[in-house]
Amino acid sequence: MNKPDFNQLMLKQAESAKGKRLLLHCCCAPCSSACLERLKDYFKITVLFYNPNIEDGEYEKRKAELIKFITATSWADFIDCDREAEKFYERVKGYEKEKEGGKRCVKCFELRIEKTAEIAQKNGYDFFTTTLTVSPLKDAAAINAIGERVGGEKWLYSDFKKGDGYLRSINLSKEYGLYRQNYCGCVYSRLERQKT
């Protein structure tokens with residue numbers, strides 16, 4: 001059975017939705033860069049920074065870099081949410097020892113996508129999605145399944161790593177001098193990286 005091409009689905013949705021409002025959940029400036037570049041000609045974009053999984057010092061650094069990038073490009077507006085770290089720890093309780101990419105990550109994706117859907121609904125956005133699919137370490141099928149479940153027709157499918165999206169994010173990060181992290185941001189991911 002063929003897996004859906006989420007990038008093609010996104011492009012089809014985007015073509016028929018030109019000028020509509022999109023709420024884009026962003027985890028960091030580097031990941032956001034290529035996604036914003038790809039979407040900016042289709043949508044009026046607002047970036048949502050909601051990442052309760054990211055550790056304290058890392059959280060502020062990533063938020064500052066994202067604001068720096070958005071200010072430099074003018075490709076989107078910006079909404080900041082409270083960190084709500086307790087919601088992340090509550091959601092992943094019992095999954096702390098899972099490897100990156102496992103059930104703990106799916107729980108984390110759910111938390112962030114559900115919040116994005118809630119804000120999109122409350123503020124009348126036409127579509128919402130996340131930059132998470134640009135990472136080669138993130139399962140686009142799992143992310144899109146969550147988005148579809150919580151957002152229905154308002155969910156914008158994506159697999160931003162397609163079409164050299166991840167490589168483009170690296171190049172844009174260099175071009176704009178963006179801080180580029182080497183882990184997802186949660187304490188569990190950092191500890192796993194430190195072991196290797």
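The values are calculated or read from the model by the stated rules, or taken from the named source; none is laboratory data. Keep in mind it's a predicted model, so treat the numbers as computed, not measured. Cβ coordinates were reconstructed from backbone atoms using ideal geometry, including for glycine residues, and neighbour counts include every protein chain displayed. When the accessible area is computed, the model is the full protein with side chains, heavy atoms only, and any ligands, DNA or RNA have been set aside. Shrake-Rupley method; radii C 1.70, N 1.55, O 1.52, S 1.80 Å.
Listed values, structure above:
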quantity: Filter pass, Lys44 being outside any helix (DSSP H, G or I), basic (Lys, Arg), more than 27 Å from Tyr188 (Cα to Cα) and at pLDDT 95 or above; calculated: yes
quantity: Arg38 being over 17 Å from Tyr183 (Cβ atoms), touching an Asp or Glu at 6+ places or on another chain (Cβ under 8 Å) and open to solvent by 40 Å² or more (accessible area, probe 1.4 Å); calculated: no
quantity: Residue in the range 77-85 that is open to solvent by 40 Å² or more (accessible area, probe 1.4 Å), aliphatic (A, V, I, L, M) and touching a helix residue (DSSP H, G or I) at 6+ places or on another chain (Cβ under 9 Å) present; calculated: yes
quantity: Test set (1) among the acidic types (Asp, Glu); (2) assigned to a helix (DSSP H, G or I); (3) surrounded by fewer than 16 Cβ atoms within 10 Å (Cβ to Cβ); (4) touching a residue at least 40 places away in the same chain (Cβ under 8 Å) - Glu58 fails condition number; calculated: (3)
quantity: Odd one out for Thr73, checked against (1) hydroxyl-bearing (Ser, Thr, Tyr); (2) buried (at least 20 other Cβ atoms within 10 Å of the Cβ); (3) within 15 Å of Ser169 (Cβ to Cβ); calculated: (2)
quantity: The range 154-166: number of residues that are open to solvent by 50 Å² or more (accessible area, probe 1.4 Å) and either on the phi > 0 side of the Ramachandran plot or in contact (Cβ under 8 Å) with a residue 60 or more places away in the chain (or both); calculated: 4
quantity: Unmet criterion (only one of (1) open to solvent by 10 Å² or more (accessible area, probe 1.4 Å); (2) out of contact with any Pro (no Cβ under 8 Å at 6 or more places or on another chain); (3) modelled with pLDDT of 95 or more) for Gly101; calculated: (3)
quantity: Some residue of the range 134-153 being of a type in the set (D, E, K, R), within 17 Å of Ser32 (Cα to Cα) and touching a residue at least 40 places away in the same chain (Cβ under 8 Å); calculated: no
quantity: Test: residue in the range 110-117 that is within 16 Å of Cys186 (Cβ to Cβ) and open to solvent by 50 Å² or more (accessible area, probe 1.4 Å); calculated: no
quantity: Those residues of the range 167-184 which are within 16 Å of Thr133 (Cβ to Cβ) and crowded, with 17+ Cβ neighbours inside 10 Å, in sequence order; calculated: Arg168, Ser169, Cys184
quantity: Scope the range 1-35; condition open to solvent by 70 Å² or more (accessible area, probe 1.4 Å) and under 29 Å from Asp82 (Cβ atoms); matching residues; calculated: Lys20, Arg21
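Yes/no matrix, rows are residues, columns are (1) more than 16 Å from the chain's Cα centre (by Cα); (2) closer than 16 Å to Cys28 by Cβ:
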| residue | (1), (2) |
| --- | --- |
| Glu60 | yes, yes |
| Ile70 | no, yes |
| Phe78 | no, yes |
| Glu84 | yes, no |
| Val92 | yes, no |
| Glu114 | no, no |
